[in-house]
Amino acid sequence: MSPEDQARFSRRETQVDRLKRHLGGSVQPYTMCSLFASLGGFLFGFDTGSIGPISVMPHFVEYFKLHSPTLQGLVISSILITASVSSVLAGLLSDRISRTRTFAIGGTVFGVGSIICSTAHTLPMLIFGRCLAGVGEGLFLSTITVYTLEIAPTNIRGRLSCTTQLLVTLGVSSGYFVSYGTVQLSSSLSWRLLFILQTIVSFTFSVGSLFLPHSPRWLQHVGRTEDAARAWARLGFTATEAEKEQEAVQREQVDQAEGASAALPSGIWATLKLLWKKDVRGRTALGVFLMGMQQASGIDGVLYYAPVLFSQAGLSSTTSAFLASGVSGLLTVACTAIAQIYADRWGRRTSMIRGGAAISATMLLIGTLYASGGSATHAGKWTIIALIYTFIVAFSMSWAVVNRIYCSEIQPMKTRAAATSLGQCANWAVNWVIAFTTPLFLSKSSSGPYFLFGACTFLVVLVCTMFQPESRGVTLEGLDAIFEVSPWRKFLARRAPRTHGRAPAEDMLAMRPIGA
């Protein structure tokens, strides 16, 4: 780094010190920025936690004549259709106009959609509002993940990136409990109030996002080196830390740049082509698969239809089912907070495999209880309720925290935003299928959905065991090395017969990248 850059960092450090004192001396600016950006996660969670209870509120059902599982599934899942489409464009847009401006636009669109929902008088108007909100949701959620990942120091990257998921779970819990409170109202305010609250939070998020510092890695990537230096300082990095991060980004650009290949792609097709180049296609495929199959675990089937599931399991009244849903929301928050503390101690690979095994086991056990008739007994009903809570704990402490981080951090800078957006698209596409079909599936079979979710999760465990390398503690710019050889090839190399203390397959396998 040049003497001029070092002097600039030193001057900025005094501003950082003043900001730290203002915040109490302990909270870093990058932590505060991550918390505020994660309000987008709260919006997503609040909608997820509230729309299920809204769809079974007596006044809402009568107002929109929502008496069939098909209509219920359509109202709940409509937001996911447009979210999956707009999320494909989020990566390209955030590479062009910045991360912060992209999720500011997304927050505004989400707010407008929420206004339409809060004033809806017909079912088509309500569905249109949710579809418009979905466009905004698709723009901001994956972009927030990339932003928090890029502003975090390597040693706490997992912990800080978990902030979005923590806010998601807080939103889910808040949605449950606000719904539990408003269901007692005898007017349409019982459900309109929830959309009004979403509107207020979304516009606050949108306006505030414009005051966040840009991602220094994005600034460096688009050639704004001096602005990147100022952004590192605003985020609370010391001159030494900022210099280290800056040099890491520069090394990545030197390693990856060959002529024009380091430049931003010129359009969506060029971006998609870049995602499937030989050096990153294995990572892209793994990330898209994991993000899509996260929803095939059944998590949003549980979150969206928690009142229905708890009623099916034996909680008879609407109030008790709503309350049980709220307890599951609080449990999710507590487990996510614990997982966030240990995110940088637990391995990404270990969490995915062990967590997936627990998730699969609970789903298969619930399906077995329903299929065998055990759910008809008093003990069976309470066992199912306990297993639903066990599923929530297992998911919240593993896949909920690790999956989104892993799928973003394994990508190089040039494809990170686009790959994260594509993974989020897969996530929402599968989520839409689950959200739309779950009430139809449950009306035909009480055990079938659980067997499906359990089998899908078991498949993911197998894929992670064979193809997912560990990324914990590796810098964003140093991830290429861990993808040189897939875990199953390493296993075979270790098991191969050894001659003079050396496995003959090791050198050959080291030349085979993942996906080859």
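For region 61-211, what % of the accessible area comes from carbon and sulfur atoms, probe 1.4 Å?
75
How far is the Cα center of region 126-205 from the Cα center of region 394-473, in Å?
Using only Cα atoms, the two centres lie 19 Å from each other.
So how much slack lies between Ser186 and His378, counting 0.36 nm per residue of separation and subtracting their Cα-Cα distance, in nm?
Values: separation 192, 0.36 × 192 = 69.12 nm, distance 3.36 nm.
The span from Ser186 to His378 would gain 65.8 nm if fully extended.
Order the peptides 111-124, 181-194, 82-95, 398-411 from the highest to the lowest mean number of other Cβ atoms within 10 Å of their residues. Intermediate values should be presented prior to the final figure.
Details: 111-124: 18.4, 181-194: 16.6, 82-95: 24.0, 398-411: 26.2.
Descending packing order for the listed peptides: 398-411, 82-95, 111-124, 181-194.
What are the lysines whose alpha-carbon lies under 26 Å from the alpha-carbon of Lys278, with same-chain residues fewer than 8 places away excluded?
Qualifying lysines at Cα under 26 Å: Lys414, Lys490.
If I take R0 = 45 Å and measure r between the Cβ atoms of His121 and Lys444 in this structure, what FRET efficiency does the formula 1/(1 + (r/R0)^6) give, to the nearest 0.05? Spell out each step's value before the answer.
Numbers: r = 33 Å, r/R0 = 0.73.
That gives a FRET efficiency of 0.85.
The values are calculated or read from the model by the stated rules, or taken from the named source; none is laboratory data. On a predicted model such as this, the values are computed, not experimentally measured, just so you know. Using ideal geometry, Cβ is built from the backbone for each residue, glycine included, and neighbour counts are taken over all protein chains shown. These area figures cover heavy atoms from the full protein model, side chains too; ligands, DNA and RNA do not enter into them. Shrake-Rupley method; radii C 1.70, N 1.55, O 1.52, S 1.80 Å.
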